[in-house]
1. For the stretch 252-289, name all the residues that are among the hydrophobic types (A, V, I, L, M, F, W, C) and either under 13 Å from residue 217 (Cα atoms) or not in a loop (DSSP other than H, G, I, E, B) (or both).
2. Can you confirm whether residue 293 is over 16 Å from the mean Cα position of the chain (by Cα) and hydrophobic (A, V, I, L, M, F, W, C)?
3. Which residue, of 215, 177, is in the same structural domain as residue 122 (by TED's automatic domain parsing), out of contact with any helix residue (DSSP H, G or I) (no Cβ under 6 Å at 6 or more places or on another chain) and surrounded by fewer than 17 Cβ atoms within 10 Å (Cβ to Cβ)?
4. Could you say which residue among 168, 175 is modelled with pLDDT under 90, more than 30 Å from residue 256 (Cα to Cα) and in contact with a strand residue (DSSP E or B) (Cβ under 7 Å, 6 or more places away or on another chain)?
5. Filter the stretch 97-155 down to residues that are closer than 22 Å to residue 285 by Cα and among the β-branched types (Val, Ile, Thr) and give me whichever is modelled with the lowest pLDDT.
6. Which one of these is out of contact with any Asp or Glu (no Cβ under 8 Å at 6 or more places or on another chain) and surrounded by 11 or more Cβ atoms within 10 Å (Cβ to Cβ): 242, 309?
7. Looking only at the stretch 214-251, filter to residues that are polar (S, T, N, Q) and assigned to a helix (DSSP H, G or I); which one of those is modelled with the lowest pLDDT?
8. So the check is Cβ under 9 Å with 6+ separation or different chains; which pairs have a first residue in the stretch 104-124 that's under 19 Å from residue 134 (Cα atoms) and a second one that's part of a strand (DSSP E or B) and of a type in the set (Phe, Trp, Tyr)?
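The values are calculated or read from the model by the stated rules, or taken from the named source; none is laboratory data. As the structure is a prediction and not an experimental result, all values here were calculated from the model. Glycine gets a Cβ as well: all are built from the backbone with ideal geometry, and neighbour counts include every protein chain shown.
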Amino acid sequence: MNRTPSKYHFRFSAVLLMFLLLGLESISRAQEVWVEFTSPDKDFTVSLPGAPAHDSLVTPQKPFTGQKFEAYFYRNNSDSFNLIYKDLPAREGTPDTEMMLAEYERGLLVDGWLIVSKVPLPDGGRQYESLMDLPGGKITERRRARMQSRVYFCGRRMYTLSAMSKDAVTFTLEAPRFFASLRFLKPPPDPPVSRRQILSAKEAIAARGALKELRRLAAAESIAPSYDDYVKLLFAVTGEVDDYLADIRPGEVKEEIGLALAAYQDLQRAWNTTRGLLAMPVIGYEPQRTLILKYGIPIDRRGDMPLMDFEGAI
């Protein structure tokens, strides 16, 4: 049998190779089809590798405590591209961006990220490079996740972009394209300012009564009660304040009194984590994690394990 390749075989091979190359080119083009997303407020646009999902949540983190933030994200098997923005409450004064960056860094630490670099950008943003040990296997063999993030401020709004990969060694090559695609189109709208609430005579009496009860808790700090004595006082004051709040309409006054009472209740939760022989207020556990972010509680980094600073909590 003659095994010498014929012209037909060569032509068939050439056609097959051409189809393979065209197929690879079409796949490559399909992978390069990014989606341009414009925010509902029309204040920015950004491109992602695919149509983003959306989530709207309330953050516990200071100074945005209780504020809603909007998250848009695209994820595949190994990488994640995220854009989050949140508004400061509408109050007088210029936002303290350095303080907000410090709280952002605190949040990274509490989430388990180790910040390895942070640099200012020519466009006014701040870029972070962070690593995280992933669970599983021996400590020396654990894989590390890697994240690049950028933070921008515009008006009273804070924007955070981040690109994450589960494997720090094979970090996504698409991060520069994602970051470079951000365009600010116009200043974001100012958050609504709450109207000053006018109380009725009955509501004013209730508000003064609630404040008087709260001052009992404030006074307790000067005499340094035991944990058990503080809990008894807290329960008594909580009952009284709740009764007073029932006579006040929803609004600024009721909300602020409720937040003050919640702060004293959170102090009891923080205090409870430091009690007992096995107490270990590690920052990655609850309620420490939420409390640190909510109140900006200092973190003690002097040991091998970052801990919540209880004196700072008080």
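1. Those that are among the hydrophobic types (A, V, I, L, M, F, W, C) and either under 13 Å from residue 217 (Cα atoms) or not in a loop (DSSP other than H, G, I, E, B) (or both): 253, 257, 259, 260, 261, 262, 263, 267, 270, 271, 282.
2. Judged against the criteria, residue 293 is not a match.
3. Numbers: 215 fails: in the same structural domain as residue 122 (by TED's automatic domain parsing).
Step by step, each of 215, 177 is checked, and only 177 is in the same structural domain as residue 122 (by TED's automatic domain parsing), out of contact with any helix residue (DSSP H, G or I) (no Cβ under 6 Å at 6 or more places or on another chain) and surrounded by fewer than 17 Cβ atoms within 10 Å (Cβ to Cβ).
4. Answer to the selection: 168.
5. Restricting to residues being closer than 22 Å to residue 285 by Cα and among the β-branched types (Val, Ile, Thr), the top hit is 139.
6. Working: 309 fails: out of contact with any Asp or Glu (no Cβ under 8 Å at 6 or more places or on another chain).
Among 242, 309, only 242 is out of contact with any Asp or Glu (no Cβ under 8 Å at 6 or more places or on another chain) and surrounded by 11 or more Cβ atoms within 10 Å (Cβ to Cβ).
7. 222
8. Here the result reads 108/128; 113/128; 115/128; 116/128, each pair linking the stretch 104-124 to a residue that is part of a strand (DSSP E or B) and of a type in the set (Phe, Trp, Tyr).
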